[in-house]
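This report refers to the structure that appears directly beneath it.
Values in this text are rule-based calculations from the coordinates and carry no lab data. All values derive from a computational prediction rather than experimental measurement. Here the Cβ is made from the backbone with ideal geometry for all residues, glycine too, and neighbour counts use every protein chain on show.
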Amino acid sequence: MAWRMSGTYVASCSCNLICPCPTDGPPTSPDGQCRGVAVFQIADGNLDDTEISGVNVALVNLFPANLTAGNWKLGIVVDESASDEQAAAIETIVKGDVGGPFEDFAALTDEWLGMERGSVGFSNGDRPTGSIKGTDFTFEPLAGPEGSDTQTTVKNAAFGFAPEFRVGRTSGHMDVHSIEFDAIYGETADYEFASEMEEGAAKGRG
């Protein structure tokens, strides 16, 4: 089965700035575990003949240690506006059943928390906002050098959702799939995933 999805994501987690998970470092959250969510706007995508363009999905994670140590917990929330067929296709992709970067995730995942349906929103821009079941978090970018209009980015991270992503802060209290945390760190970028990724493409993270 062939699939692809692309668009923009915004993520939030409990780690202090800057979250070390993309570089396989130990989490820096108060309890030493990374709890997070990432809202993906699927601007364009499909699984075989099932079109998933226009659907928002939230990926929820608990990483108890550095990423390659495994024992992850992952689950998703698919926006309630999606059809049952679209929701099932997205779960098949993200669970890692049909190859691509999410298959790499599956090898490190100890518990799949399943799929829930509910409102998942995304608003793009300089400060993108994600919303899951009525709880919002907004990305606040870290500024670049004084006097410039640039923002701080991370490039070529081993577990980045994109080859380069902006980093910053988020805030608020999240509780999804019984993974509860106070949001601290944030990141955002355009992404592109597929069942067959180009050599050197980013593998992604939660």
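Observations
- Cut-off under 5 Å, modelled amide H: who pairs with Ile52 long-range: Gly45, Asn46, Leu47
- Counted over all Cα-Cα pairs of the chain, pairs farther apart than 22 Å make up 43 percent.
- 5 angstrom amide H check on Lys133, placed H, neighbours 5+ away: Ser119, Val120, Gly121
- Environment charge at Gly118 (Cβ cut-off 13 Å; Lys +1, Arg +1, Asp -1, Glu -1): -2
- Electrostatic tally near Val98: other residues with Cβ closer than 13 Å to its Cβ, Lys and Arg +1, Asp and Glu -1, net -4.
- Dipole of the chain, positive end: most advanced residue of Cys19, Val37, Ser178 [Cβ charges, Cα centre]: Cys19
- C-alpha long axis of helix 84-94 to longest principal axis of the chain, angle in °: 60 degrees
- Close amide H partners of Gly160, meaning residues 5 or more places away or on another chain with modelled amide H under 5 Å apart, are Lys203, Gly204.
- Projecting the Cα atoms of Gly144, Phe102, Thr92 onto the dipole axis of the chain, where Lys and Arg carry +1 and Asp and Glu carry -1 at the beta carbon, places Gly144 farthest toward the positive end.
- Cα→Cβ-extended label distance, 7 Å offset, between Leu142 and Ser81, nm: 3.4 nm
- Number of Lys pairs (Cα under 19 Å; 8 or more positions apart or on different chains) in the chain: 4
- Gain upon complete extension [Asp190, Ala106; 0.36 nm per residue less C-alpha separation]: 28.0 nm
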